[in-house]
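Below: one structure, written as structure tokens.
Nothing in this text is a laboratory measurement; each read-out follows from the coordinates by a stated rule. Not measured: the values here are computed from a predicted model. As a convention, Cβ positions derive from the backbone with ideal geometry for all residues, glycine included, and neighbour counts pool all protein chains shown.
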Amino acid sequence: MANLNNLTISKASELLEKKEVSSVELTNYYLERIEKLNPELGAYLSTEKEYALKKARESDERIKSGKRIGILDGIPCSVKDVITTKDIETTAASKILEGYIAPYSATVVRKIEEQGAVILGKNNCDEFAMGSSTENSAYMLAKNPWDLSRVPGGSSGGSAVAVAADLCVFSFGTETGGSIRQPASLCSVVGLKPTYGRNSRYGSIAYGSSLDQIGVFGKCVEDISSVMHVIAGKDSLDSTTVEYPIFNIQYPINTQYPMKDLKIGIPKEYFGEGLDSEVEKIVRDAIDKYKEMGAEIIDISLPNTEYATPCYYLLSMAEASSNLARYDGIKYGKSETDNAKDLIDVYFKTRGKYFGDEQKRKSILGTFELSAGYYDAYYRKAQKARSLVKKDFDDAFEKIDCIMCPVSPFPAFKIGEKKDDPLSMYLADIFTISANLAGICALSIPAGFTQNNLPVGLQIMGPRFDEDKILQIAKAYEEMTQWHTMFPSI
Ligand code: GLN
């Protein structure tokens with residue numbers, strides 16, 4: 001049989017097309033790897049063997065009869081557990097949703113299944129996507145496959161590990177504030193946070209509704225493009241979506257953005273104090289590659305960067321507190337009614353018992369800042385600061401095509417190192433959350449390794465709905481480097 005290690009979508013697709021491998025064989029390859037490696041890596045909260053094999057058999061039938069739907073038909077993938085799947089448990093990595101089976105699949109899930117993709121299971125993550133290390137999962141730790149003593153990042157840590165450790169071909173994650181780009185950087189895979197409004201969030205369990213987006217992890221830039229091509233677009237079930245063309249850079253690589261005409265902005269605020277020197281060097285070396293390709297490097301300023309972190313946490317907590325209110329022990333999931341005096345007591349008992357610390361923290365702080373008397377001082381002020389952060393990007397993109405900067409101030413940190421210090425965990429999001437506040441698109445691509453062999457990603461940010469452009473820019477780097485072809489030896 002063909003070598004199945006670390007297949008990209010296009011390579012797997014080619015093997016399926018030529019009948020050198022069947023979707024069932026491919027699916028079994030991943031299921032066996034998951035069985036062997038997942039107890040250590042914690043990338044999946046659940047796998048759906050029978051479900052996956054049934055889908056794979058259906059795909060093989062189509063291939064046999066010459067009716068393969070498209071490039072995703074028969075390709076095994078995985079889905080972050082905050083995204084609903086009709087016949088498969090969705091827990092949001094929370095005890096409060098243990099055993100919950102949603103009555104419908106998320107639009108992105110429906111769309112890839114309609115294209116014949118095979119869902120292997122649900123990825124581990126921080127509970128309700130709240131965190132930056134996947135240590136907030138109520139079920140299990142996820143470990144970085146490059147160094148098992150370190151976190152994979154979060155909140156979509158399991159989705160990043162699944163791709164990095166070859167436990168699927170591609171995966172879905174979500175972002176509210178960096179949760180795709182940061183684990184992609186820490187695990188050396190490609191991760192895209194699309195523009196707000198690009199993909200439907202129908203079926204994505206809400207954290208911060210003005211920020212949330214579903215995005216993709218893959219082994220190369222083309223794979224991200226292939227999946228985006230399928231999932232992007234207007235959805236009548238999510239009124240925040242818009243129809244805006246996105247083409248597949250796969251066929252053929254479009255040269256709409258030649259590197260020699262490219263203007264790359266380097267924000268000075270992203271290269272200051274607190275940035276690890278090895279990370280800085282790797283990112284600057286990557287930017288130098290673009291210079292070699294003929295791009296113009298322009299120093300820019302995003303002057304309101306210092307407000308981004310407090311602004312993001314105020315807004316996301318306010319939105320989280322209202323989104324988490326629906327887990328009241330009545331409508332969804334677990335209910336704690338034993339010895340409850342009244343309805344309010346059911347709420348307290350259920351939420352007290354089944355929410356993690358971070359959910360309690362966000363509910364309490366978010367409710368406080370939305371309360372009468374504090375709304376103007378905190379929430380409204382944060383909304384104003386958000387406009388300033390957004391304006392920084394709008395102004396910058398008048399003069400440049402894209403922004404390049406680090407994703408995370410440091411490489412993967414040790415498991416447990418920041419777990420009991422939420423503030424230091426929040427501050428680690430400094431380079432990612434502005435893109436969420438501004439609603440722009442941004443991605444992370446593998447850009448090298450520290451001396452301890454820890455991966456570092458390069459972040460490329462682009463204007464709203466310019467995914468095609470940043471994907472092509474990222475693709476040009478892939479063509480010049482080999483980082484994306486390196487995988488952990490586990
Ligand atoms: N670490 C951030 C938080 O906890 C971001 C999480 C995310 O993007 N889902 O809010």
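Length gained on full extension, residue 58 to residue 271, computed as 0.36 nm times the residue gap minus the Cα-Cα distance: 71.6 nm. Report the Cα centroid-to-centroid distance between the stretch 127-166 and the stretch 416-490 in angstrom, as an integer. The stretch 127-166 and the stretch 416-490 have Cα centres spaced 15 Å from each other. The alpha-carbon positions of the stretch 92-190 define a convex hull whose volume is 99 Å³ per residue. Computed from backbone phi, the HN-Hα couplings of the stretch 22-39 come to 9, 5, 5, 5, 5, 4, 5, 4, 6, 4, 5, 5, 4, 4, 6, 9, 5, x Hz, rounded to whole numbers (Karplus: 6.51 cos²θ - 1.76 cosθ + 1.60, θ = phi - 60°; Gly and Pro given as x). Stokes-Einstein diffusion for the stretch 332-490, with the hydrodynamic radius set to the Kirkwood value over Cα pairs and evaluated at 10 °C in a medium of 1.306 mPa s, equals 81 µm²/s.
Given contacts defined as C-alpha pairs under 8 Å and at least six residues apart, what's the relative contact order of the stretch 348-435, whole-number percent? The normalised contact order for the stretch 348-435 reaches 21 percent.
I need the trypsin sites (Lys or Arg not before Pro) found in the stretch 34-67, filtered to DSSP loop residues with at most 16 other beta carbons within 10 Å of theirs. Taking the stretch 34-67 and a limit of 16 other Cβ atoms within 10 Å, the loop trypsin sites (Lys or Arg not before Pro) found are 67. If R0 is taken as 45 Å, the Cβ-Cβ distance between residue 86 and residue 285 corresponds to a FRET efficiency of 0.50.
Once you've got the Cα coordinates, tell me which of 268/360; 18/219; 80/362; 49/95; 111/391; 67/143 are over 32 Å apart.
In this structure, 268/360; 111/391; 67/143 lie more than 32 Å apart at Cα.
Taking other Cβ atoms within 10 Å as a rough exposure proxy, 210, 444, 22, 188 sort from fewest to most as 210, 22, 188, 444. Take the chain and mark each of the GluC sites (Glu not before Pro) that is in a DSSP loop with at most 10 other Cβ atoms within 10 Å; the longest unmarked stretch, sites excluded, is 1-242.
Order of 285, 392, 421 from fewest to most other C-beta atoms within 10 Å?
If I rank by nearby Cβ atoms, fewest first, I get 421, 285, 392.
Here the stretch 306-362 and the stretch 180-239 have alpha carbon centers that stand 25 Å from each other.
The calculated FRET efficiency for the pair residue 482 and residue 36, based on their C-beta separation and a Förster distance of 30 Å, comes to about 0.65. Full extension of the chain between residue 5 and residue 410 yields a length gain of 142.9 nm, computed as 0.36 nm times the residue separation minus the alpha carbon distance.
What shape does the stretch 202-325 have by the C-alpha gyration tensor, where a ≥ b ≥ c are the square roots of the eigenvalues, rounded means a/c under 1.5, and otherwise prolate means a/b greater than b/c and oblate the rest?
Values: a/c = 2.32, a/b = 1.18, b/c = 1.96.
Oblate, since a/c reaches 1.5 and b/c is not below a/b.
For the stretch 289-419, the Cα gyration tensor yields ellipsoid semi-axes of 41, 20, 12 Å (square root of five times each eigenvalue, largest first, whole Å). The convex hull defined by the C-alpha atoms of the chain has an orientation-averaged projected area of 22.1 nm².
Ranking of 77, 220, 187 by neighbouring Cβ atoms within 10 Å, starting from the fewest: 220, 77, 187.
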